[in-house]
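Read through the structure below, which is laid out as structure tokens, and then see the notes.
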Amino acid sequence: MNILMLSLDPNILRPDSNAGKRMFEYAGLVDTLSIVLFSAGGAKQERGNLAIYPTSRNKIISFFKGLWIGYRIVRKEKYDLITIQDPFVLSFAAFPLAFLFRLPVQVQVHSTFFSPYWKESLKNTLYQLLARVFMPQATCIRAVSERIKRDLLNGLNVSESKVTVLPIFTDTAGIAHRTPSFDLRKKYVQFDFLVLIVSRLVKQKNIALAIDAMKELTQKHPRIGLVIVGEGPDRAELEHHVTRHTLRDNVIFEGWTDDVVSYYRGADVFLLTSNYEGWAMTIIEAMASGTAVVMTDVGCAGEVVRNGENGVVIPIGDQAALTAAIERLYLNPTERTRLSEAGRQTALALEPQTQEAYLARYRKGWEQCVLRHKGNV
């Protein structure tokens, strides 16, 4: 089986990155995996049966160059499937190629773009319109959560048989047994309760909600601390928000790190305050680490995190509910321990439990898409 992938992730050019490693693993599932990269320039890279074709950093040039490269690749050798991980811009390249060469298209959806909170920008509004045009034309769709699948079925004219669910793989067993490299509590001895966020600092994540909750919490419990691990375009604005609330002694910006497990292990509570998510892998990582989680009703909430059973789920944007949840866990360590233990067991029981099982399901998705195109499914 030969697969053509269209991608926007420049990290796949780095063999040591998570994205680069994933692509090499996917290539091991097929005879050939060719990736046209629409977001970076440079020379072609080859790693065994994996070939990566960068285009250009210029968006207009990259589109036309990527379309031409894709055309030459498929014309030269028989391919079985085109797969895209962006259902918006890349559709303009994938569907013309599929039409010319009579190939199936698999669209992978990692975000719930039919959430009412999705339209936070003009770009996202336009993306939703593009999805309405292109998604019904896909041969098959892979969603990373049941929530996304429901949104697609309710928001688009597609049959349920076309949509499969395969969450993002997380090595929960490896995380659960990993030894932390440092003690977060010793690093921040001024706090008697540590709240953690691991996130890109962007509008979607609504980290300002957590800062607003901290303002109220620290008035009654001054030794509660919030540690934010991550980077993004909103960092300066969020730091200014902390300063306005006079919280610089209680809210710490750590920047990004590859050692997030040490942070999970040292925290009392992990927060996710997003307005929308496709899956929320950090929640799974935190649960596998044995950290109690509080999250908004997005992504894997309901599917993995069940309110009061193995975590706390609050309404999106509800500061009062967030403040109350954190305070309840602060004042009730027994409840916190119960949720953290239940969350850890849930994370360790998630399917697929091994990388091999995940990759087998990933390949099966490609095979089923090809069979569907041939009319055998």
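Quick look at the values:
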quantity: Unique match (being closer than 22 Å to Lys205 by Cα and hydroxyl-bearing (Ser, Thr, Tyr)) among Thr346, Thr282; calculated: Thr282
quantity: Filter pass, Val370 being in the same structural domain as Ser115 (by TED's automatic domain parsing), surrounded by 18 or more Cβ atoms within 10 Å (Cβ to Cβ) and over 19 Å from the mean Cα position of the chain (by Cα); calculated: yes
quantity: Segment 311-364: number of residues that are among the aliphatic types (A, V, I, L, M), without any contact (Cβ under 8 Å) to a residue 24 or more places away in the chain and over 22 Å from Val109 (Cα atoms); calculated: 7
quantity: Answer residue from segment 87-107, given it is in a loop (DSSP other than H, G, I, E, B) and among the aliphatic types (A, V, I, L, M) and is nearest to Ile73 (Cα to Cα) among those; calculated: Leu103
quantity: Number of the condition not met by Gln353 [criteria: (1) closer than 29 Å to Asn206 by Cβ; (2) surrounded by 13 or more Cβ atoms within 10 Å (Cβ to Cβ); (3) out of contact with any Phe, Trp or Tyr (no Cβ under 8 Å at 6 or more places or on another chain)]; calculated: (1)
quantity: Exclusive hit being of a type outside the set (D, E, K, R), within 20 Å of the chain's Cα centre (by Cα) and surrounded by 20 or more Cβ atoms within 10 Å (Cβ to Cβ), set Ser34, Ser62, Ser7, Ser17; calculated: Ser7
quantity: 2 or more residues at pLDDT below 95: qualifying helices (runs of 4 or more DSSP H) within segment 282-377; calculated: 355-374
quantity: Unmet criterion (only one of (1) in contact (Cβ under 8 Å) with a residue 40 or more places away in the chain; (2) in a helix (DSSP H, G or I)) for Asn124; calculated: (1)
quantity: Boolean, Glu303 is more than 30 Å from Ile84 (Cα to Cα) and assigned by TED's automatic domain parsing to the domain that holds Gly278; calculated: no
quantity: Residues of segment 132-184 that turn out to be in contact with an Asp or Glu (Cβ under 9 Å, 6 or more places away or on another chain), assigned to a helix (DSSP H, G or I) and touching a residue at least 60 places away in the same chain (Cβ under 8 Å), as a count; calculated: 4
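The values are calculated or read from the model by the stated rules, or taken from the named source; none is laboratory data. These numbers come from a predicted model, not from an experiment. All Cβ positions, even for glycine, are placed from backbone atoms using ideal geometry, and neighbour counts span all protein chains on display.
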